Amino acid sequence: MMTMPLLDVQNLTTYYFTRRGAVKAAEGVSFGLEKGESLGLAGESGCGKTTIALSLLKILPQGGRIVNGKVIFKGVNIVDLDETEMREKIRWKGISIVFQGAMNALNPVFKIGDQIVEAIKIHEPKVTKREAKERGKKLMEMVGIEPSRIDNYPHEFSGGMRQRALIAMSLACNPEMLIADEPGTALDVIVQAQVLRLMRELKDRLNLSLIMITHDLSMIAEVCKKIAIMYAGYLLEYGDIVTIFKKPLHPYTQDLIQSFPSIKAAKQEMISIPGTPPDLLNPPPGCRFHPRCKYAMNICKKKVPEMKKIAGDHFVACHLVKG
């Protein structure tokens with residue numbers, strides 16, 4: 001008997017409505033996530049990765065709106081839930097997020113412990129302040145921070161410690177799924193590696209489902225089992241990370257992988273993707289990658305390619321690839 005995935009995103013379409021028109025930030029995005037599974041959402045800046053994350057929690061900024069599709073979490077379509085239901089049933093308890101930029105995500109005038117306590121009290125009002133603080137200390141210890149540091153302010157922490165504190169806060173209400181938005185931002189490579197190792201360990205220990213959002217494919221390879229490649233609001237390729245790294249089928253995926261250096265392969269000149277991403281206020285017709293694609297055909301300029309199953313869990317949306 002087939003079981004329902006923890007998260008099932010179906011044809012999710014999100015726009016930002018501005019005075020200049022609608023910014024088509026995410027178009028018909030579909031993917032699933034099982035309990036304990038990890039997925040990397042990758043692509044250039046502005047491709048819609050963070051929009052997907054904010055849509056899953058319904059915390060889009062002013063002007064942002066889900067205009068189509070479903071986000072089914074544990075059998076419930078959260079697109080239909082109101083703000084109170086989202087706060088009481090989904091956010092923090094079901095799905096939690098580690099925002100990009102730890103220094104900006106933490107309030108500089110409140111102690112770390114007070115911010116963790118506040119998060120717990122908002123979503124679990126029956127928990128006392130003392131109980132919430134004790135839980136906060138255990139969370140701090142879980143992410144590798146001395147529990148006594150719970151009474152410190154964010155500026156008293158290093159960048160890596162602030163990132164760990166954010167991860168601790170995101171786990172305050174025992175969520176089943178965690179979204180990490182660019183967790184390596186502004187961290188040096190040593191600290192970044194420590195944070196990634198921590199996230200992998202927590203995912204395994206707590207059986208968390210994880211969505212990692214980043215433009216850095218090496219970070220996804222370190223933590224995730226599956227990868228979804230996005231470009232200009234569309235999902236172009238999706239599947240097992242080993243399969244896609246070894247045999248990428250979409251020209252954009254191929255270019256993206258080749259643009260990252262390898263410490264093992266022979267030295268070679270770095271390959272960059274020509275051109276720039278399109279203006280999502282007025283995107284090109286057909287495949288949005290066709291103006292930058294060296295294999296573009298006439299059909300690519302007219303028709304949006306459908307997502308096709310190639311083999312197993314490998315899917316690709318490209319006119320060049322036959323399903």
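The values are calculated or read from the model by the stated rules, or taken from the named source; none is laboratory data. Everything numeric here is computed off the predicted structure, so don't read it as measured data. Glycine also receives a Cβ, built like all others from the backbone with ideal geometry; neighbour counts cover every protein chain displayed.
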Point to revise | Pairs where the first residue, in the range 296-323, is in contact (Cβ under 8 Å) with a residue 60 or more places away in the chain and the second is among the hydroxyl-bearing types (Ser, Thr, Tyr) and exposed (fewer than 14 other Cβ atoms within 10 Å of the Cβ), C-beta under 7 Å, 6+ apart | key: 320/295
Check your understanding: Which of the residues belonging to the range 101-136 are β-branched (Val, Ile, Thr) and in a helix (DSSP H, G or I)?
Key -> 112, 116, 117, 120, 122
Check your understanding: When the range 206-220 is examined, which residues are found to be in contact (Cβ under 8 Å) with a residue 40 or more places away in the chain and either among the aliphatic types (A, V, I, L, M) or surrounded by 24 or more Cβ atoms within 10 Å (Cβ to Cβ) (or both)?
Key -> 208, 210, 211, 212, 213, 217, 219, 220
Review point. Can you pull out the residues in the range 161-181 that are of a type outside the set (S, T, N, Q) and surrounded by fewer than 20 Cβ atoms within 10 Å (Cβ to Cβ)?
Key: 173, 176
Check your understanding: Considering only residues of the range 62-100 that are surrounded by 15 or more Cβ atoms within 10 Å (Cβ to Cβ) and in a loop (DSSP other than H, G, I, E, B), which is modelled with the lowest pLDDT?
Key -> 100
Check your understanding: Does residue 295 fit the bill of being under 20 Å from the mean Cα position of the chain (by Cα) and either in a strand (DSSP E or B) or not polar (S, T, N, Q) (or both)?
Key -> no
Exercise for review: Taking residue 13 as the residue in question, decide whether it is more than 19 Å from the chain's Cα centre (by Cα), of a type in the set (Ser, Thr, Tyr) and either part of a helix (DSSP H, G or I) or within 22 Å of residue 316 (Cβ to Cβ) (or both).
Suggested key: no
Check your understanding: How many residues does the range 28-57 contain that are within 14 Å of the chain's Cα centre (by Cα), surrounded by fewer than 23 Cβ atoms within 10 Å (Cβ to Cβ) and assigned to a loop (DSSP other than H, G, I, E, B)?
Key -> 4
Exercise for review: Mind listing just one residue for me: the one in the range 308-318 that is in a loop (DSSP other than H, G, I, E, B) and at pLDDT below 95 and, of those, farthest from residue 32 (Cα to Cα)?
Suggested key: 312
Review point. What number of residues within the range 151-170 are touching a strand residue (DSSP E or B) at 6+ places or on another chain (Cβ under 6 Å) and of a type in the set (A, V, I, L, M)?
Key: 2
Point to revise | Near pairs, Cβ below 7 angstrom, 6+ apart or cross-chain, from the range 84-109 (touching a residue at least 40 places away in the same chain (Cβ under 8 Å) and at negative phi) to any residue that is in a strand (DSSP E or B) and charged (D, E, K, R) | key: 97/181; 98/181; 99/181; 100/181
**Study point:** Scan of the range 163-203 for residues that are of a type in the set (Asp, Glu) and in contact (Cβ under 8 Å) with a residue 60 or more places away in the chain, ordered by number
**Key:** 176, 181, 182
**Study point:** Members of the range 220-260 that are at pLDDT 95 or above, aromatic (Phe, Trp, Tyr) and touching a helix residue (DSSP H, G or I) at 6+ places or on another chain (Cβ under 6 Å)
**Key:** 231
